[in-house]
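What follows is a set of notes on a single structure, which appears directly below.
The values are calculated or read from the model by the stated rules, or taken from the named source; none is laboratory data. In this text, all values refer to a predicted model and were calculated from it rather than measured experimentally. Using ideal geometry, Cβ is built from the backbone for each residue, glycine included, and neighbour counts are taken over all protein chains shown. Surface accessibility is based on the protein's heavy atoms, side chains included, excluding ligands, DNA and RNA. Shrake-Rupley method; radii C 1.70, N 1.55, O 1.52, S 1.80 Å.
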Amino acid sequence: MLPFANLSDSADEYFADGLTEDLIHALSLQSFYRVLGRSATFGFKGKNLTARLIAREIDATYLIQGSVRRAGSKIRVTAELIAPENGEQLWTGRYDRDMGDLFALQDEITTSLSAALAPEIFRAEASAPARSSSADLTAWDRFLKGLSHYYQQTEADFEASIALFREAIALDPGLAIARAYLGTIMLQGIQYGWIKSTHELWAEAMELAESSVRLDPRSSYTFAFLSFVHAMQGRYEAAMEAGKRAVQLNPYDMGARGVLGICHFVAGEHREAIELFSTAVQRGNSDPRYQWPAMSAFSHYLLRQYDASLSWAREALYLNPNHLQVLAVRAASLAQLGRAEEAAKATEVLLASYPGLTVEKHLRNFRWRELAELAHYREGLLKAGVPSTKLTLIETGRRTAS
């Protein structure tokens, strides 16, 4: 992380330096890669050296550099992530803000930059050539190869990434990140309709979550994944506890904030959930681990805001046109709006991709606390023409936390 260049007058030097220090701190909270501190990089400030020479001097695989420019009441911050050996620009971002409380502004820009840069570093690592020979791939190499498949977001690539993550864990049982990613992909595969939900799979996901936390108790991601598994299984209090711990470990981790939103979602607290989903999608929407548009579609549906649900469903389907749960909530929203012909077409698309789907099979994977919300979702699916199995009337009430 190189010092941000101040392109305004010298009075703004402190802001550029402070932003650099805050971003170093924010990125260092990501426990899966090494971030060099101020002492290693501030010595290059003001020196006319190439990125390649600096990277070789400090043994850095990637460099982040940027600038700060003020004009009247406006401030512009630019940043880029580069691979110094070949000069490739891997990511670039620009943030234009109104001046106000400088400390609040600095924190807001730091959060946005950290949320954008963290997944881009992993994406760059995943696409880089293996640093070992094909015959002697390390656990980390296998993890990165699995990650490269995961970013493709197809069913075949999911299968390949699962196999590679399992190989990585076999080679290094202490690789917490491989465990957390493996569990994430397994549960995401259920939501997409690519992996069958079984008791054995959920038990393995919980074991992966608990072991990843034990192996890396400083990681916001491992705690966020643990929170997610608890939430999806209806353990509301345990989910909230782990989610809050994830945010405490890294306040800049937008994924952790979004998972905290999932905790509110499953508990029926949708306005709180939507606020957290909105923050996460604005600042960390390049990370495929998280599906905030899909979650927002469900929250708006359960608030009976069906037009908003459809808007979020469209965004989610841009990313994954065959997302089972999003196809289903889209059909339900159209039906609740009385748009019967469109709902029937949406159901036709859903069943073309998942011909064995029934309402009751679909609802087995939902552990929402408010049973009235499950009934409301079931109603929408049935109105849309999704086939049902034998229905059992359930008393409207509330689940108890397990």
## Note on the structure
Carbon and sulfur atoms account, in whole percent of the 1.4 Å probe accessible area of the stretch 34-124, for 48 percent
### Message
Translational diffusion coefficient of the chain at 20 °C, 1.002 mPa s, Stokes-Einstein with Kirkwood Rh over Cα pairs, in µm²/s as a whole number.
### Response
94 µm²/s
### Task
Calculate the length of the line joining the C-alpha centroid of the stretch 1-64 to that of the stretch 296-313, in whole Å.
42 Å
### Accessible area in the full protein assembly, largest first, 1.4 Å probe, for Phe44, Phe165
Phe44, Phe165
### Query
Kirkwood Rh, Cα Rg: Rg to Rh for the stretch 58-121?
1.03
### Query
Based solely on its DSSP helices, what 222 nm [θ] is calculated for the chain when runs of n ≥ 4 H residues each add -39,500 (n - 2.57) and the sum is averaged over all residues, nearest 500 deg cm²/dmol?
-19000 deg cm²/dmol
### Query
Measuring with a 1.4 Å probe in the full set of protein chains, what accessible area per residue, in whole Å², belongs to the stretch 305-362?
45 Å²
### Task
Report, ordered by chain and residue number, the aspartates and glutamates lying within cross-link reach of Lys383, taken as a straight Cα distance under 15 Å and ignoring same-chain residues fewer than 8 apart.
Glu341, Glu342, Glu348, Glu360
### Query
Relative to the longest principal axis of the chain, what angle (0 to 90°, nearest 10) does the C-alpha long axis of helix 220-232 take?
10 degrees
### Query
Can you tell which of Leu164, Leu363, Leu334 shows the greatest fluctuation in a Gaussian network model of the chain with Cα springs below 10 Å?
Leu363
### Query
In whole percent, how big is the carbon plus sulfur part of the accessible area of the stretch 204-275, probe 1.4 Å, protein atoms only?
48 percent
## Note on the structure
Relative to the chain, whose Cα atoms define the longest principal axis, helix 324-336 and its Cα axis are tilted in degrees, nearest 10, by 60 degrees
### the stretch 1-127, accessible area per residue, ligands and nucleic acids excluded (1.4 Å, Å²)
49 Å²
### Task
Rank-order 240-250, 351-361 by packing density, defined as the average count of other C-beta atoms within 10 Å over each peptide's residues, highest first.
240-250, 351-361
### Message
Rounded to the nearest 10 Å², what accessible area does Arg52 have for a 1.4 Å probe in the complete protein model?
### Response
110 Å²
### Solvent exposure of the stretch 222-286 as accessible area per residue, Å², 1.4 Å probe
36 Å²
#### Entry: Acute angle (nearest 10 degrees) that the helix 199-215 long axis makes with the longest principal axis of the chain, alpha-carbon atoms
20 degrees
## Note on the structure
Cα pairs beyond 21 Å in the stretch 20-131, in percent, come to 39 percent
### Query
How much length, in nm to one decimal, is gained on full extension between Lys74 and His25, taken as 0.36 nm per residue of separation minus their Cα-Cα distance?
15.1 nm
## Note on the structure
Taking Cα atoms only, Rg over Rh for the stretch 1-71 with Rh from the Kirkwood formula is 0.97
